[in-house]
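Below is one structure, written out as structure tokens; comments come after it.
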Amino acid sequence: CGTGLGAQFYRPFAKKLTGVDLSPKMLEKAAGKKIYDELVVFDLLQDWTFQQAFDLVYCSDVLVYFGDLGRIFSSLSTHLSDEGIFVFSVESIEENNTDYRLNSSGRYSHSLEYIKKCLSRYGMQFMEGSKTAIRKQSGNNVDGSLVLAKKLL
């Protein structure tokens with residue numbers, strides 16, 4: 001959840017809003033906004049140990065720090081409720097013969113074909129991918145995609 005910048009937009013739609021981040025300092029900033037019901041220090045590469053299933057998992061500007069998304073998608077899918085929704089952003093690469101690429105920025109770009117393959121492998125269905133600027137870096141837009149997927153029954 002980082003510092004919780006997006007939380008105000010999700011709060012009206014959530015019965016319970018849980019924020020997770022690797023950094024306790026980020027969670028301290030998020031806590032100051034008094035929007036989340038729960039904040040958890042958590043590494044996405046760990047096996048997920050949450051007690052509940054999630055109806056929606058949203059990862060904004062997170063998956064760009066990982067090349068191979070298999071381990072994350074595998075754990076996430078086991079903690080997504082039946083027909084749960086997974087929404088995330090990625091930096092895009094157009095070449096379909098490349099799954100992912102490490103950029104000079106230290107972030108990864110992923111091909112849409114790779115994303116679809118990973119989702120399918122872990123029991124999720126690609127629903128939509130919209131090309132958009134996912135953030136600004138040094139004042140310039142960074143091209144990427146917002147992806148919507150659903151867990152299969």
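Every number here is computed from the coordinates shown, using simple stated rules; none is lab data. Every value quoted in this text rests on a predicted model; they were computed, and no experiment measured them. Using ideal geometry, Cβ is built from the backbone for each residue, glycine included, and neighbour counts are taken over all protein chains shown.
Summary of the geometry: segment 83-143 and segment 36-70, compared by the centres of their Cα atoms, lie 16 Å apart. Charge tally for K131 (other residues, Cβ to Cβ under 13 Å; Lys, Arg +1; Asp, Glu -1): -4. Evaluating 6.51 cos²θ - 1.76 cosθ + 1.60 at θ = phi - 60° for every residue in segment 146-153, the Karplus couplings come out as 9, 10, 10, 9, 9, 6, 7, 6 Hz, glycine and proline recorded as x. Annotation: the antiparallel percentage among DSSP beta bridges lying fully within segment 1-124 is about 20. Values (i) 15.2, 45; (ii) 16.4, 49; (iii) 15.9, 54 are given for comparison; Rg and Dmax of the Cα atoms in Å, derived from the coordinates here, is the one labelled (i). With a Förster radius of 22 Å applied to the C-beta separation of R135 and K34, the computed FRET efficiency comes to 0.30. Charged side chains reduced to their Cβ positions (Lys and Arg at +1, Asp and Glu at -1) give the chain a dipole of some 380 debye around its Cα centre. Among the lysines of the chain, pairs at least eight places apart or on separate chains and with Cα atoms under 17 Å apart come to 10. Taking every alpha-carbon pair under 8 Å whose residues sit at least 6 apart, the chain reaches a relative contact order of 19 percent. Taking amide H positions as modeled 1.01 Å from N, with prolines and chain starts lacking one, the residues under 5 Å from V57 and 5 or more places away or on another chain are I85, F86, V87. Karplus-based coupling profile of segment 63-79, in residue order and whole Hz: 5, 5, 8, 10, x, 6, 9, x, 5, 5, 5, 4, 5, 4, 5, 6, 10, with θ = phi - 60° in 6.51 cos²θ - 1.76 cosθ + 1.60 and x standing for Gly or Pro.
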